[in-house]
Amino acid sequence: MVASVGNVETGFLGALREHYRVVDRNLLLTPAGEATPDWARQKQIDPKINDFRLIQYDMMFGKRHSAPDFFLETVDKLVAHTS
């Protein structure tokens, strides 16, 4: 799954966007176009990426605890869950 790190320019997501324009399970892409293939297999992973992955999981498959802090516009919308 490819996740483009939104247009948010402040806070955590904005800081992440300053370092990575594309976060994919196989590739990280910097604003300068530098690619980091197979980044998930490295011994040390940028802590910002780990945090982003937790937020992404929570929003897609979890209970959306991060919605009020990162995606306020989605808080009042009904989202179908399979769990």
By count of other Cβ within 10 Å, fewest leading, how are 17, 41 ordered? 41, 17
Kindly put 25, 64 in sequence by how many other C-beta atoms sit within 10 Å of each C-beta, fewest to most. 25, 64
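FYI, it's all coordinate maths here, none of it is from the lab. Computed from a predicted structure; not experimentally measured. We place every Cβ from the backbone using ideal geometry, glycine too, and count neighbours over all the protein chains shown.
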